[in-house]
1. Would you mind counting up the charge near Asn27? Only other residues with Cβ under 11 Å from its Cβ, with Lys and Arg at +1 and Asp and Glu at -1.
2. Top to bottom by accessible area (1.4 Å), largest first, where do Thr441, Thr554 land?
3. Using every Cα-Cα pair within segment 216-282, state what percent have a distance larger than 20 Å.
4. If I stretch the segment between Lys206 and Asp543 completely, what's the gain in nm (0.36 nm per residue apart, minus their alpha carbon distance), one decimal?
5. With a cap of 14 neighbouring Cβ atoms within 10 Å, and only residues DSSP puts in a loop, list the GluC sites (Glu not before Pro) found in segment 128-199.
6. Roughly speaking, what % of Cα-Cα pairs in segment 76-235 are separated by over 25 Å, rounded to a whole number?
7. Quick one: what are the phi-derived ³J(HN,Hα) couplings along segment 183-193, Karplus 6.51/-1.76/1.60 with θ = phi - 60°, whole Hz, x for glycine and proline?
8. What spacing in nm lies between the two simple spin-label points modelled at Trp449 and Glu127, each 7 Å away from Cα in the Cβ direction?
Amino acid sequence: IDLFVKSSGGNKTTDIMYGLMHEDINNSGDGGIYAELISNRAFQGSEKFPSNLDNWSPVGGATLTLQKLAKPLSSALPYSVNVANPKEGKGKGKDTKGKKVGLANAGFWGMDVKRQKYTGSFHVTGEYKGDFEVSLRSAITGETFGKKVVKGGSKKGKWTEKEFELVPFKDAPNSNNTFVVQWDAEGAKDGSLDLNLISLFPPTFKGRKNGLRIDLAQTMVELKPTFLRFPGGNMLEGNTLDTWWKWYETIGPLKDRPGMAGVWEYQQTLGLGLVEYMEWADDMNLEPIVGVFAGLALDGSFVPESEMGWVIQQALDEIEFLTGDAKTTKWGAVRAKLGHPKPWKVKWVEIGNEDWLAGRPAGFESYINYRFPMMMKAFNEKYPDIKIIASPSIFDNMTIPAGAAGDHHPYLTPDEFVERFAKFDNLSKDNVTLIGEAASTHPNGGIAWEGDLMPLPWWGGSVAEAIFLISTERNGDKIIGATYAPGLRSLDRWQWSMTWVQHAADPALTTRSTSWYVWRILAHHIIRETLPVDAPAGKPNFDPLFYVAGKSETGTGIFKAAVYNSTESIPVSLKFDGLNEGAVANLTVLTGPEDPYGYNDPFTGINVVKEETTFIKAGKGGKFTFTLPGLSVAVLETADA
Ligand code: AHR
């Protein structure tokens with residue numbers, strides 16, 4: 001294939017081509033990128049997932065009971081654990097002499113223990129004279145890897161917060177470890193103590209308090225993202241109109257966060273709250289795309305027009321919390337009090353999530369007829385500089401009003417992605433669209449959504465995603481940006497198998513999928529201005545080679561391509577207009593396994609993606625010549641264009 005890249009005549013792209021989308025699914029937040037190690041740290045519960053003592057076990061023969069004390073730690077955290085001395089023996093104080101009691105937490109399917117600084121705290125009430133001891137231990141052998149004395153007792157009728165730092169003296173050989181808090185049984189005057197909000201963090205990304213797990217954050221940084229869409233996804237909507245992601249319950253001290261019944265079958269701590277999302281965006285230099293609740297829940301119920309007032313107000317308040325002046329706005333002042341006097345900048349707000357889907361057709365009609373128009377009007381009036389994104393797109397049969405954008409979520413088979421290569425070419429500039437979620441989820445020729453998702457991203461699916469992304473890049477003036485979803489998945493509990501990265505307590509299991517490699521290579525070479533490419537007359541423009549060319553911010557020439565529908569290698573001759581013989585370029589080619597269904601296996605550690613970069617020189621006529629194998633993804637970048 002002989003291609004000629006012209007030097008002008010293309011389109012300028014947006015400045016946020018590739019990004020991240022995060023919601024707490026697959027324990028990607030709690031037990032995932034949110035670095036908290038203690039699972040069920042505050043016994044948070046909901047109607048759907050009642051408070052319980054899961055992941056806690058007694059130490060020293062103690063008895064653990066879930067209690068609703070008359071004086072709880074906070075109104076948000078009404079439950080706590082009572083740890084009672086062993087009952088056997090002759091009486092309080094005698095048989096407890098010299099004994100230690102307490103409780104142990106198993107973490108989120110274990111805990112990684114290394115010689116690094118852990119920062120923790122717990123709240124305790126009950127009359128106790130003596131010290132506490134915290135430790136990290138093997139759940140199998142009981143071996144202690146590190147411990148620390150936490151000085152001072154506690155008082156009856158008063159909650160005391162104990163803070164500590166703990167540096168283990170030994171790395172644990174595996175992640176099957178527990179965290180233990182214990183004390184002298186004898187010193188507990190009434191034979192028991194009550195504890196709540198027991199928390200332990202390893203070092204976090206950029207050292208943030210209440211921050212992100214470093215290795216998982218790193219997998220995201222390496223993707224060179226430019227935006228962060230949050231907090232959902234379905235998580236934003238909640239299962240019912242009562243259980244949406246109430247942003248105002250996700251801010252402030254952890255003891256004031258009640259948690260929520262997650263939509264992905266587990267209770268959420270909301271430790272990764274609105275402020276933490278913004279700090280995440282700050283720390284990775286990402287443009288936030290803030291999803292605001294729009295009055296539709298996953299059970300299909302939606303807020304009637306006459307009651308939209310509160311839905312609109314909470315969304316405006318959320319943005320005031322993020323962007324309002326600390327001195328002159330109510331919510332700006334709240335933010336300042338929480339340690340963020342400087343307002344954040346928010347350029348993008350998305351109204352709802354997939355409002356075309358739940359409660360069809362009435363839910364969608366309500367969005368088109370009044371929910372979206374009312375919210376857009378309110379935002380345009382109060383925040384005229386914020387760009388509004390509707391949660392459906394033109395492809396979901398919503399006519400997006402002038403000035404707004406849509407959001408398109410293709411979860412498809414590889415063939416479907418490839419067949420739709422030209423889809424955005426005909427998109428009108430009035431219908432700019434975010435790709436807020438996308439992935440190859442089902443195999444070709446299967447029963448698609450009637451069946452399960454594939455178990456892991458696979459090479460053929462990832463190449464098809466590359467072709468889809470190339471199709472978005474060719475239309476970078478209409479496609480705001482794109483991201484895969486969901487990003488993360490715990491190998492211990494998940495609801496959605498297809499994710500960029502898989503993880504467990506043990507960082508050695510953190511696995512970048514085939515799709516992660518594909519999205520990464522494309523995001524590392526950003527085209528700012530597309531350039532038209534002439535293919536030889538009479539030959540089909542695309543298929544089996546799908547490509548885009550353009551210029552980067554600094555003026556380098558970029559060519560991206562992927563090969564599909566071919567078992568043969570494709571010889572390519574590529575000429576950038578004005579480029580002479582001897583010009584140089586780097587060509588990076590990603591290839592996969594022979595079996596297109598091959599995947600990166602978290603358990604064997606086998607990575608099927610091969611990445612090779614070669615330095616090539618333009619030959620006669622200034623043409624770069626190279627061969628791209630079947631099912632491959634390639635990027636060529638030349639500073640000489
Ligand atoms: O990414 C998983 C889910 O897929 C999201 O929560 C939802 O927006 C979509 O349907």
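1. Details: positive: Arg489, Arg493; negative: Asp24, Asp30, Glu265, Asp492.
Net local charge, Asn27 excluded: -2.
2. Details: Thr441 0, Thr554 120 Å².
Putting Thr441, Thr554 in descending order of accessible area: Thr554, Thr441.
3. Numbers: 728 of 2211 pairs.
Of the Cα pairs, 33 percent sit more than 20 Å apart.
4. Details: separation 337, 0.36 × 337 = 121.32 nm, distance 4.41 nm.
Net length gain for the segment: 116.9 nm.
5. Values: sites: Glu133, Glu143, Glu161, Glu163, Glu165, Glu186; in loops: Glu143.
Passing sites in segment 128-199 are Glu143.
6. On the way: 5298 of 12720 pairs.
Above the 25 Å cut-off, segment 76-235 has 42 percent of its Cα pairs.
7. With the stated coefficients, segment 183-193 comes to 7, 6, 4, 4, x, 7, 4, 8, x, 7, 10 Hz.
8. The answer from the label model is 6.3 nm.
The values are calculated or read from the model by the stated rules, or taken from the named source; none is laboratory data. Since the structure is predicted, the reported quantities are computational estimates derived from the model, not experimental observations. All Cβ positions, even for glycine, are placed from backbone atoms using ideal geometry, and neighbour counts span all protein chains on display. Calculation scope for accessible area: heavy atoms of the full protein, side chains included, ligands and nucleic acids excluded. Shrake-Rupley method; radii C 1.70, N 1.55, O 1.52, S 1.80 Å.
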